[in-house]
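Reading through the structure tokens given below for one structure.
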Amino acid sequence: MNYIPNDSRYTAMTYNRTGRSGLKLPAVSLGLWHNFGGVDTFSNSRSMVLHAFDLGITHFDLANNYGPPPGSAEETFGQILTKT
């Protein structure tokens, strides 16, 4: 399935400056602690990430112990990026 991002994704979200660097982060981020591990359904994980991106979320929290099993959320996120 081809994914076409929402054209208004960057206008729908508030982005805040971080310090003096000029870096802006969205007001909301998506943590991939639950629902993104190797034991979860890939299509559900993909739908949640793409919907978040369509809403303007560009910060995704990953850690090497998110899963289960530990580290599998990073693998799932990588597969989403690769297959989209």
Legend entry - Answer label for percent of Cα pairs over 21 Å apart (calculated), chosen among [x] 28; [y] 34; [z] 50: [y]
Inset, instruction - Count the net charge of all other residues whose Cβ sits under 13 Å from the Cβ of residue 81, scoring Lys and Arg as +1 and Asp and Glu as -1. - result: 0
Inset, instruction - Could you compute the FRET efficiency for residue 23 and residue 44, with r as their C-beta to C-beta distance and R0 at 25 Å, rounded to 0.05? - result: 0.25
Inset, instruction - Kindly write out, for the stretch 9-14 in residue order, the coupling ³J(HN,Hα) from the Karplus curve 6.51 cos²θ - 1.76 cosθ + 1.60 (θ = phi - 60°), rounded to whole Hz, with x marking Gly and Pro. - result: 4, 8, 8, 7, 10, 7
Inset, instruction - Please list the non-local residues whose amide H lies under 5 Å from the amide H of residue 31, H modeled 1.01 Å from N, same-chain partners needing a gap of 5 or more. - result: 61
Inset, instruction - Report, to the nearest 10°, how far helix 72-83 tilts away from the longest principal axis of the Cα atoms in the chain, using its own Cα long axis and a range of 0 to 90°. - result: 70 degrees
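Rule-based calculations on the coordinates, nothing more; no lab input. All values reported here derive from a predicted model rather than from experimental measurement. Don't worry about glycine lacking a Cβ; one is built from the backbone with ideal geometry, like all the others, and counts go over all protein chains shown.
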